[in-house]
1. Yes or no: E226 of a type in the set (D, E) and under 19 Å from A134 (Cα atoms)?
2. Could you say which residue among R156, R165 is within 23 Å of S121 (Cα to Cα) and either away from the ligand (no atom under 14 Å from the Cβ) or not assigned by TED's automatic domain parsing to the domain that holds C264 (or both)?
3. Any chance you could count how many residues in region 253-275 are in contact (Cβ under 8 Å) with a residue 24 or more places away in the chain and within 14 Å of the ligand (Cβ to nearest atom)?
4. Please find, among H146, H131, the residue that is near the ligand (Cβ under 10 Å from one of its atoms), assigned by TED's automatic domain parsing to the domain that holds F259, in contact (Cβ under 8 Å) with a residue 60 or more places away in the chain and outside any helix (DSSP H, G or I).
5. Just name the residue that is surrounded by the fewest Cβ atoms within 10 Å (Cβ to Cβ) out of those in region 57-77 that are touching a Cys at 6+ places or on another chain (Cβ under 6 Å) and either in the same structural domain as H282 (by TED's automatic domain parsing) or among the small types (G, A, S) (or both).
6. Out of F151, F124, F105, I need the residue that is farther than 30 Å from L54 by Cα, touching a helix residue (DSSP H, G or I) at 6+ places or on another chain (Cβ under 6 Å), more than 14 Å from the ligand (Cβ to nearest atom) and at pLDDT 95 or above. Which one?
7. Given the criteria more than 11 Å from the ligand (Cβ to nearest atom) and over 13 Å from the mean Cα position of the chain (by Cα), does Q141 qualify?
8. Of all residues in region 40-56, count the ones that are surrounded by fewer than 18 Cβ atoms within 10 Å (Cβ to Cβ) and either at pLDDT 95 or above or more than 21 Å from Y312 (Cα to Cα) (or both).
Amino acid sequence: MDWKKIPNVAMYGKSDWSDKVRKTPNCTVEKAKQIAEKDPSITFFFFCRENMSLGGINESFKPGDAIFFSGAPWYGSAPQCDSYEKAVVGRKNQNKMTDTEWQNFKQAIKDLKAAPESDSSPNFQQIVQCHIDAMRTPAGQKWGAHGGINFLTWHRAYLQHFEARLRSFNSAVFLPYWDWIVDRAIPKQLGKTSEWGVTRRSNPNFSGVAKTKDLENLLKKTTFIEFSEAVENAPFHNSVHGVVGGDMVSAASPSDPLFWLHHCFIDKLFANWQRMHGNIKHPNMGEVLLPPPIITKTNGQVWSFLNLGYNYI
Ligand SMILES: [Cu+2]
C-alpha cells in the first residue's frame, strides 16, 4: 500500500476529533502503517517524534504515540509530528511515471474504448456522453457540474468512476495528474493525437496558464465558493482546456485522455486546499450527484478523497 507523508503536521487541536479511532503508545511508523492497513476505517494517522501538547484538545502526546483517524484531516503545523495518509490508489505525477505505468494506463483506456456498451458498466463513449449531457442538456445543466458549486465534487466523482473502470481491466492502473504549473507542455506520452482520434491546437501557448504565484493565492481562498470559482476559471481549469484546444474545448473533452490528467490535477489542488481548510464543508453536503450509474454519491460522500480510497503520492 502507498502512503503519503506530510511532515510537521498533526490533526488540528481545535478541530472535531470525533473521527479519532485510537491512540497507540510506544509505536513505530512501520507498526502504525500495519495497524492502519488492517483497519479499513482508518484513513490517516499522525506520529509523534517529540513531546507535544495541543491547544484545544486536553491531551498531551509522547514520542512514539500514533493517533489514528477515519475521515478527512485538518492539519495544523506541529514540528513534533508527521502525518501519514493511506492511499489504496496512489495517483502520481505523470512526469514521474515509469514506461510500464504509461503502458498500463494507455492500454486500459483502449480496453475501455473497446468494451461493449452497457447500462450498468458504461464504456468510454458512454462516459464521454455523460459529460456532454452535463454541459448540453437542460437536465444535465442542473447537475451543477460546470459554473456551479458542484464543479469540484461532480468531477471528483466522475474521475473516480473512470479510474475504477480502468482498474477493472488492470488493477495496477491509477489516474496520473498533469501539473501544468510546472510542466508547461503536453505530456509526450499522450502527444500523438491520431492514437486517440482527437484534435488539438498545433502550437499550444501556456503563457496565460497559472504560475506558482497564482497557485499560492488560490490556496489562500477561505471559502469553498471562492476557491471553486477561482480554480474553475482562468488562469486555472478553463485556461488549460483553451490552451490545448480542439476537442478539449468541446463538451466531448473527456474523449481526449489529457482531460483526465488535467482534471486530476484540479482535484489534487482541491485536495491540497482541503488539507489546509478542513473545517469547511460543501454548502450542500447531502445533495445526491447525478447521473447514475456513473455519478451516484452525495457531495458529502466525495468530500474526503481519503474515504474514496485514493491519494496523491
Ligand atoms: Cu467538465
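1. When the stated conditions are applied, E226 does not pass them.
2. Within the list R156, R165, the selection yields R165.
3. 14
4. On the way: H131 fails: outside any helix (DSSP H, G or I).
Checking each option against the conditions leaves just H146.
5. The selected residue is G64.
6. Working: F151 fails: more than 14 Å from the ligand (Cβ to nearest atom); F105 fails: touching a helix residue (DSSP H, G or I) at 6+ places or on another chain (Cβ under 6 Å).
None of the others qualify; the one that does is F124.
7. Taking the combined requirement at face value, the residue satisfies it.
8. Qualifying residue count for the region: 6.
The values are calculated or read from the model by the stated rules, or taken from the named source; none is laboratory data. Note that the structure is a prediction, hence the values are computed from the model and not measured. Reconstructed Cβ throughout: ideal geometry from the backbone, glycine too, with neighbour counts over all protein chains shown.
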